[in-house]
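Q: Here you go, one structure.
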Amino acid sequence: MNEDISVLKGMGLTMYEAQAYVTLTSLISSTASEVAEKSGIPRSKIYDVLKGLVKKDYIEVEDGRPLTYNVKSPVEVLSREKEKLNSEIDDCITRLTNIYENGMSQVQAPIWRIYGVEKIINQEVEIIKRAKNTVNMRIGFLFEGEGEALIKAFKNKRNLQVNILASPICYINNEEVDIIKMFKDQGISIQKADIPFVKVLISDSKEMMHTYTKFSEDKREVLPETAIGIWNKYEDVARNYDERFVNQLEKIKKKKRV
């Protein structure tokens, strides 16, 4: 019961309102006195509490002497509140993201170092989410779970033009991974290229991220604990790298046509 009350409080009910609603789900229909007795809510407070639940559409009141309070189905009530909460969270994400991105554009030296594989992958996904038109990427290696995360992010941006130049294979947990096949099988444009042990993601010629890591002595396995990402929002730098990427891509495509 305590857990249910905590959830209901998180959805905007007061402690007493949450207690009254939980109590009424077992009573189904009851008087104010019975709800107060079963829930432990002071009788001096119970009418205001029940009035609050009626106003929030968690229960209904039936005329009579005394008044009878009927609980609404938790499926109906909580599904409605969940949908409302999800909508509010989505709106909040949109507003705060706009504020965040406007703030980022005002930063004097927009270069950050990001440590740790999970944080690097999350940042790559965030960059893809912000992209409006194009994402160009060089892939010399992949971390565990990174390929799947990138593919999911690309698929969620259906109108985004994605171009990838990649090494044919890499090794994850001593298993050979066919990078080209992984992305091509998902309908993502990818070309085989001679890519060094580095990764570069460029979005809309505006922001980019380099990712570096050390490798095992045989140059097969990445050492994830050494991974570092350099996130750069200097547009001149990003545009420079993007132009170089496009030139390399065009040369590869031209070679294939010959």
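Just so you know, all these numbers are worked out from the coordinates, no wet-lab data involved. As the structure is a prediction and not an experimental result, all values here were calculated from the model. No Cβ is skipped: glycine too gets one built from the backbone with ideal geometry, and neighbour counts run over all protein chains shown.
Q: May I have the extent of the alpha carbons of the range 1-125 along their three principal axes, as whole Å values ordered from largest to smallest?
A: 70, 26, 26
Q: Between Glu76 and Lys45, how high is the FRET efficiency from 1/(1 + (r/R0)^6) when r is the Cβ-Cβ distance and R₀ = 35 Å? Nearest 0.05.
A: My answer for the efficiency is 0.85.
Q: Still on this model: Report, by chain and number, residues whose modeled amide H sits under 5 Å from the one on Ile172, excluding near sequence neighbours (fewer than 5 apart, same chain).
A: Here the answer is Val177, since their amide H atoms fall under 5 Å of that of Ile172.
Q: Which ordering of Glu243, Glu34 is given by a fewest-first count of other beta-carbon atoms within 10 Å?
A: The order, fewest Cβ neighbours first, is Glu243, Glu34.
Q: Could you tell me which of the pairs Lys72/Lys129; Lys199/Lys255; Lys157/Lys254; Lys56/Lys132 are separated by over 32 angstrom between their Cα atoms in the structure shown?
A: Lys72/Lys129; Lys56/Lys132
Q: I would also like to ask the following. Using label points projected 7 Å from each Cα along Cα→Cβ, tell me how many nm separate Gln186 and Thr14, to one decimal.
A: 5.0
Q: For Lys155 and Lys255, FRET efficiency with R0 = 25 Å and r from the beta-carbon atoms, rounded to 0.05?
A: So, using R0 = 25 Å, E works out to roughly 0.30.
Q: Ignoring solvent entirely, what values of log10 I(q)/I(0) come out of the Debye formula for the chain at 0.13, 0.15 Å⁻¹ when each Cα is a single scatterer?
A: -0.82, -0.99
Q: Further, regarding this structure: Report the Rg/Rh value for the range 129-258, based on alpha-carbon coordinates and the Kirkwood definition of Rh.
A: Taking Rh as the inverse mean 1/r over Cα pairs, Rg/Rh reads 0.95.
Q: Say a site is exposed when it is one of the trypsin sites (Lys or Arg not before Pro), sits in a DSSP loop, and has at most 11 other Cβ atoms within 10 Å; what is then the longest site-free stretch of the chain?
A: In the chain, the maximal stretch lacking such sites is 1-131.
Q: Quick one: order Thr14, Thr23 by neighbouring beta-carbon count within 10 Å, fewest to most.
A: If I rank by nearby Cβ atoms, fewest first, I get Thr14, Thr23.
Q: So, one more: Can you give the net charge of the other residues whose Cβ lies under 14 Å from the Cβ of Arg257, counting K and R as +1 and D and E as -1?
A: Overall, the nearby charge balance is +4.
Q: Once R0 is set to 25 Å, what does the formula 1/(1 + (r/R0)^6) return for the Cβ-Cβ distance between Glu175 and Tyr212, expressed as a FRET efficiency to the nearest 0.05?
A: In this case the efficiency is close to 0.65.
Q: Under a crude label model (7 Å from the Cα following the beta-carbon direction), how far is Leu67 from Glu118 in nanometres?
A: Result for the modelled spin labels: 4.9 nm.
Q: Kindly give the semi-axes, whole Å and largest first, of the ellipsoid equivalent to the range 2-73, taking each as the square root of 5 times a Cα gyration tensor eigenvalue.
A: 18, 13, 11
Q: Give me the distance in nm between label points sitting 7 Å out from Cα along the Cα-to-Cβ direction at Glu144 and Arg220, one decimal.
A: 1.6
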